[in-house]
Every structure is written in C-alpha cells, then in structure tokens.
Amino acid sequence: MEGNIAVVQNVIIENRKKLNISGVKDVSSFDDETIMLDTALGKMTIKGEGLHIESFNNVTGDMCATGKVYAVVY
C-alpha cells in the first residue's frame, strides 16, 4: 500500500504471447523488443520479440500487448 490507499496491479501473461496489465499510468517508450511503463507501483519493463501494444486505456490503466514475452522487470 502506498500511504493509506490500496494500490492494485495485475499482470497476466497468457502462454508467453499475450500480456494484460492493470494499473498502468503511462507508456514511456516502446518498440518491438521493449515496452517501458510507468505503473501505480513504479517502473516496469517488458522485454521480448515482436511486441505490439494492442490497447491502452489511460483512464482505466488497462493495457494489452502481444508478442513473445521474455521478461517482465519491476
């Protein structure tokens, strides 16, 4: 918890090919090998191959990406 507010963030990786993340504040940078995010719990980096952001809703903080996911780093 940050302060007195509960922060919820979910990271769901399906078959290392689809990534659903909640709690995303901003996409700082992206290309087909790296996606860098600012999330409710801090920085996050996704490494892979053929990465593509399918959707990002900056109001709800939900993001979906596809491609070969090799690593998720906090």
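Quick notes on this structure:
- Over the chain, the pair-distance histogram of Cα-Cα distances with 5 Å bins from zero comes to 4, 17, 31, 26, 14, 5, 3, 1 percent, rounded to whole numbers.
- Residue order by solvent-accessible surface for 36, 44 is 36, 44, largest first, with ligands and nucleic acids left out and a 1.4 Å probe.
- Residues of region 44-66 with an amide N closer than 12 Å to a point placed 7 Å from the Cα of residue 25 along the Cα-to-Cβ direction: 44.
- Remark: the chain carries 66 Å² of accessible area per residue (probe radius 1.4 Å; ligands, DNA and RNA excluded).
- Within a straight-line Cα-Cα reach of under 18 Å, residue 17 can be paired with the following lysines, leaving aside sequence neighbours fewer than 8 residues apart in one chain: 47, 68.
- Of the solvent-accessible surface of the chain, computed with a 1.4 Å probe and all protein chains present, 51% belongs to carbon and sulfur.
The values are calculated or read from the model by the stated rules, or taken from the named source; none is laboratory data. Remember, it's a predicted structure, so these values are computed and weren't measured experimentally. For neighbour counting, all protein chains shown are included, and Cβ atoms are generated from backbone atoms with ideal geometry for every residue, glycine included. Quick note on the areas: whole protein, heavy atoms, side chains included, nothing else; ligands and nucleic acids left out. Shrake-Rupley method; radii C 1.70, N 1.55, O 1.52, S 1.80 Å.
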